[in-house]
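One structure is given below, encoded as structure tokens.
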Amino acid sequence: DTRSQNSTMPLIYQLASIGLLLSLISHVAQSGSPDSQQLSSQCQACSAIAAAFQRGLERTARDNFGGGNTNWEETRLGTYALSETRLVDITDRLCKDKDNEMDGVTSSECHAMLEKIEEDIEKFWFGAFKANPTSASLRDSVCVNGTAACCAYGRWGPECAPCPDCSGGRGDCNGNGTRTGTGACDCHPGYSGAQCSDCSAKYYRANGESNGECKACSPACRSACTGPLATQCDQCADGYETVQQADGAACVDIDECQTRSPCSGPRSFCENLPGSYRCGDCDRACSACSGPGQVGCTACSPGFEPATTGSGCQDVNECSPDSPHCTGPYERCVNLPGSYRCDCQPGYQRSGSQCVPKPAASSKKSANSKQTKKGQSGNKKGKPPKLIWTVAYTIEFAKFFGAIVGLAVFAVAVKGRPAPVTVAACLAGWYLCKQSSVLDRVYLHAGRR
């Protein structure tokens, strides 16, 4: 048994070592090859920087060498066009470009990618761009051939395979220009099929041509149609019905508000919509209605009356000159939508059911009030008195300031030991509080002189 256990131990160690090695290899492989989401975000960030770089080229061209007037200007500005100074002017603002957020790239993502490709941008500037400024592409040089974060436009996936033909622009290659995607055609609205060559449901082929444009059917059509009119539907959509007309059968909207009463309640109305309907609440002016607003009223709520012009209801003016409301002394009438309110005239206030004069403000002040205000402020306008440096005030202030200095000196002397400093701080705090009261009394006494 002992020999058997000893013979199996090396095997266990070997299996554990192999498992650990495989785990390590898997981890290294995963860390060395970013997943599709990482590749997509890296390509997006690099493409955004390339677009910002192009905008920087246009900005610096416009601001610095939009055309010189002298030979010196032409020579000077021509040198700037390919200089490191211009490169710095552009790169310093790449991640500050306001359009980067519109490209779906945050500032932190931009700075992370810029740090990664900064040397590649310099190589591009002094290499491909300097050789051919008009056609050199930063995205192709850096994002595609440099970091390999992207594919060239027209290619997709890890191997940058060619994109399929999506019927001449009627769809987009999924993953176009990136190392991700499926390579399938994402069809534009109205198109379907592997290459977006067919018309989707509720669309028809214009002019009857096999490769003609796909256009939308009438909303009255359920699915297929032969043209844009309601008479060209194969079947009618929900909310429509087939009606024979002079030019043939057509899909006509069903007026649900006439054929039935889908909206319940006396203060609601039904509004017919193409293929449907909507229930709404009556305006407050209506006790019954057939539509929105006061013009939709068929009966008026209390406080409202039939409109003098047009239809619907209007507010009753309870405050008209011959109104019986608010006729008490010093009362005035305020008209409100559907109601009114009785207020007192200016200078009067409500007391029960009457308006009475407001009490006049007292002009006399008590001697105690005057004395208190004078003691606090030192004058009648409520302003604090000017500080008077009397001998008494100077002595008391010196005591106050000396306590602070003494505490600081003591703390240094005991080398900041917690116990002595705490005791000294408590004593100093008590003394400073006491001395503050003394200073206040001396200050007020000086102000009353």
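In the stretch 121-147, the residues that are outside any helix (DSSP H, G or I) reach residues that are charged (D, E, K, R) with C-beta atoms within less than 6 angstrom, at least six apart or across chains, in these pairs: GLY146/ASP120. The sole residue among ASN317, ASN335 that is touching a strand residue (DSSP E or B) at 6+ places or on another chain (Cβ under 9 Å), at pLDDT 90 or above and outside any strand (DSSP E or B) is ASN317.
If only residues of the stretch 338-354 that are over 20 Å from GLU318 (Cα atoms) and touching a strand residue (DSSP E or B) at 6+ places or on another chain (Cβ under 7 Å) are counted, the one that is surrounded by the fewest Cβ atoms within 10 Å (Cβ to Cβ) is GLY347. All conditions in (1) at pLDDT below 90; (2) surrounded by fewer than 18 Cβ atoms within 10 Å (Cβ to Cβ) hold for VAL105, with the sole exception of (2).
Would you check if SER200 is closer than 26 Å to ASP172 by Cβ and either among the aromatic types (Phe, Trp, Tyr) or surrounded by 15 or more Cβ atoms within 10 Å (Cβ to Cβ) (or both)? Against the criterion (closer than 26 Å to ASP172 by Cβ and either among the aromatic types (Phe, Trp, Tyr) or surrounded by 15 or more Cβ atoms within 10 Å (Cβ to Cβ) (or both)), SER200 qualifies.
Results for (1) touching a Phe, Trp or Tyr at 6+ places or on another chain (Cβ under 6 Å); (2) buried (at least 16 other Cβ atoms within 10 Å of the Cβ); (3) in the same structural domain as ALA50 (by TED's automatic domain parsing); (4) more than 28 Å from TRP125 (Cα to Cα), shown as yes or no for each residue.
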{"site": "GLY146", "(1), (2), (3), (4)": "no, yes, yes, no"}
{"site": "GLY177", "(1), (2), (3), (4)": "yes, yes, no, no"}
{"site": "THR182", "(1), (2), (3), (4)": "no, no, no, yes"}
{"site": "PRO189", "(1), (2), (3), (4)": "no, no, no, yes"}
{"site": "GLN195", "(1), (2), (3), (4)": "no, yes, no, yes"}
{"site": "TYR204", "(1), (2), (3), (4)": "no, yes, no, yes"}
{"site": "GLU209", "(1), (2), (3), (4)": "no, no, no, yes"}
{"site": "CYS214", "(1), (2), (3), (4)": "yes, yes, no, yes"}
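Residue selection: ASN145 fails the criterion of being touching a Ser or Thr at 6+ places or on another chain (Cβ under 6 Å) and farther than 30 Å from GLN235 by Cα. Of all the criteria given as (1) under 30 Å from PRO164 (Cα atoms); (2) at pLDDT 95 or above; (3) of a type in the set (A, V, I, L, M, F, W, C), the one not satisfied by CYS199 is (2). Looking at the structure I just gave you, is TYR348 in the same structural domain as SER323 (by TED's automatic domain parsing), modelled with pLDDT of 70 or more and within 30 Å of GLU305 (Cβ to Cβ)? No. Just one of (1) out of contact with any Lys or Arg (no Cβ under 6 Å at 6 or more places or on another chain); (2) modelled with pLDDT under 90; (3) not hydroxyl-bearing (Ser, Thr, Tyr) fails for LEU39. It is (1). Between GLN232, GLN294, the distinction of being buried (at least 16 other Cβ atoms within 10 Å of the Cβ), within 30 Å of PRO189 (Cα to Cα) and either without any contact (Cβ under 8 Å) to a residue 40 or more places away in the chain or in contact with a Cys (Cβ under 6 Å, 6 or more places away or on another chain) (or both) belongs to GLN232 only. Assigned to a loop (DSSP other than H, G, I, E, B), more than 30 Å from SER40 (Cα to Cα) and in contact with a strand residue (DSSP E or B) (Cβ under 9 Å, 6 or more places away or on another chain), is that true of ALA201? When the stated conditions are applied, ALA201 passes them.
Of all residues in the stretch 148-196, those satisfying the criterion of being part of a strand (DSSP E or B) and either touching a residue at least 60 places away in the same chain (Cβ under 8 Å) or under 14 Å from SER40 (Cβ atoms) (or both) are CYS150, TRP156, THR178.
Within the stretch 166-175, the set of residues being surrounded by fewer than 18 Cβ atoms within 10 Å (Cβ to Cβ) and closer than 28 Å to LEU138 by Cβ comprises GLY169, ASP172.
Filtering ASP234, ASP238, ASP253 for residues that are closer than 23 Å to GLY193 by Cβ and of a type in the set (D, E, K, R) leaves a single hit, ASP234. The set of residues in the stretch 224-274 being in contact with an Asp or Glu (Cβ under 8 Å, 6 or more places away or on another chain), assigned to a helix (DSSP H, G or I) and of a type in the set (S, T, N, Q) consists of THR231 alone.
The values are calculated or read from the model by the stated rules, or taken from the named source; none is laboratory data. Because the structure is predicted, anything quoted here is derived from the model rather than measured. Note: ideal-geometry Cβ built from the backbone for every residue, glycine included; neighbour counts use all protein chains shown.
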